[in-house]
Structures are given as C-alpha cells and as structure tokens.
Amino acid sequence: MTRFWGPVMNIAYYHASKFGNGAMVAGEFKKIMAARGVTVSVRHIHDANPKDLPHADLYVFSSPGRMGKPKGNARRFLGKVSLEPGTRYAILTTQGAPKPDKKTGKMPT
C-alpha cells in the first residue's frame with residue numbers, strides 16, 4: 001500500500017497573501033505537515049519565478065478570494081506556471097471569517 005503523505009514528500013506552497021492571512025495558513029500547514037515528516041517550503045508569489053519553480057512532489061497555490069476566484073495577480077502568476085504533465089497541484093482561496101448579522105446577531109449559513 002502506497003501512502004501519498006510519505007516521509008520523503010516535498011511540498012512547495014506559494015501564497016498571494018496581502019494582509020498576512022494566507023501566510024498564516026501556510027505556516028499552520030507547514031507545522032502540521034512537519035509533524036507528519038513532510039517538508040514544506042513556503043514562499044510568496046512575488047518571490048517566485050512561475051516559469052522556473054523548484055521541483056516538488058506537490059504544489060499548493062493559495063490566494064485571497066475575489067468574487068469566487070483567486071485575486072488577479074495570483075491568476076496571472078498561475079497562467080505563467082509551467083509544470084510537467086502529471087504534476088500534482090492544488091489551488092485554494094482563503095476567505096475572511098463570517099461575521100454575525102448586525103441586526104439579528106445570527107451567523108450566516
């Protein structure tokens with residue numbers, strides 16, 4: 001039986017954090033994966049060349065959400081990324097925490 005999250009796994013995590021929330025998520029992800037023996041390198045997209053990303057077993061791209069999509073500079077970065085066919089990757093967006101309605105005090109569903 002092959003485990004995907006094996007001890008030799010290497011993950012490259014690229015985030016487009018503007019206010020630090022995405023960087024915080026990446027840091028938490030790195031800590032959780034380190035406890036499982038997985039190496040995670042975290043970088044902001046401004047510090048990376050999308051056409052020459054270092055080798056990794058899995059790439060994770062994270063961005064704040066804007067109208068249901070990653071923000072513009074993250075979409076442009078992703079449009080330039082060139083990965084070999086069959087490369088594993090994940091794209092995710094971070095969202096602000098929901099706030100209770102000011103009139104009713106209820107949390108949105």
Quiz item: What longest region of the chain stays clear of chymotrypsin sites (Phe, Trp or Tyr not before Pro) that DSSP places outside H, G, I, E and B and that have at most 12 other Cβ atoms within 10 Å?
Solution: 20-109
Quiz item: So, in the chain, how many Lys pairs have Cα atoms under 18 Å apart, if the pair is 8 or more places apart or on different chains?
Solution: 5
Quiz item: Using 11 Å as the cut-off for backbone N distance, which residues of segment 15-44 belong to the label zone defined by a point 7 Å from the Cα of ASP57 along Cα→Cβ?
Solution: 37-40
Quiz item: Which whole-number percent is the relative contact order of the chain (Cα, under 8 Å, 6+ apart)?
Solution: 27 percent
Exercise. Using θ = phi - 60° and the Karplus relation 6.51 cos²θ - 1.76 cosθ + 1.60, list the HN-Hα couplings for segment 91-106 in order, rounded to whole Hz, with x at every Gly or Pro.
Key: 10, 9, 10, 9, 10, x, 5, x, 10, x, 4, 5, 7, 9, x, 7
Quiz prompt | Label point distance in nm, ALA48-MET107, each placed 7 Å from Cα along Cα→Cβ | solution = 3.1 nm
Quiz item: What share of the DSSP beta bridges in the chain is antiparallel, in percent to the nearest 5?
Solution: 10 percent
Practice problem: Would you please give the residues with an amide H less than 5 Å from that of SER63, counting only those at least 5 places away or on a separate chain, with H modeled from the backbone geometry? | Solution: ALA16, LEU92, THR93, THR94
Self-check item: Local net charge near VAL40, Cβ-Cβ under 13 Å (Lys/Arg +1, Asp/Glu -1)
Solution: +2
Quiz item: Got a sec to turn the phi values of segment 43-54 into Karplus ³J(HN,Hα) couplings, 6.51 cos²θ - 1.76 cosθ + 1.60 with θ = phi - 60°, whole Hz, x for Gly and Pro?
Solution: 9, 7, 5, 5, 9, 10, 9, x, 8, 9, 7, x
Quiz item: Quick one: helix 21-35 against the long Cα principal axis of the chain, what's the angle to the nearest 10°, folded into 0 to 90?
Solution: 50 degrees
Practice problem: Would you work out which of ILE11, VAL81, PRO70 lies farthest towards the positive end of the dipole of segment 1-92? Charges go on Cβ: Lys and Arg +1, Asp and Glu -1. | Solution: PRO70
Self-check item: 5 angstrom amide H check on VAL40, placed H, neighbours 5+ away
Solution: ILE11
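Values quoted throughout were computed directly from the atomic coordinates according to the rules given, and no laboratory measurement underlies them. Keep in mind that what you see is a predicted model, and the values were worked out from it rather than measured. Every residue, glycine among them, receives a Cβ derived from its backbone with ideal geometry; neighbour counts consider all protein chains shown.
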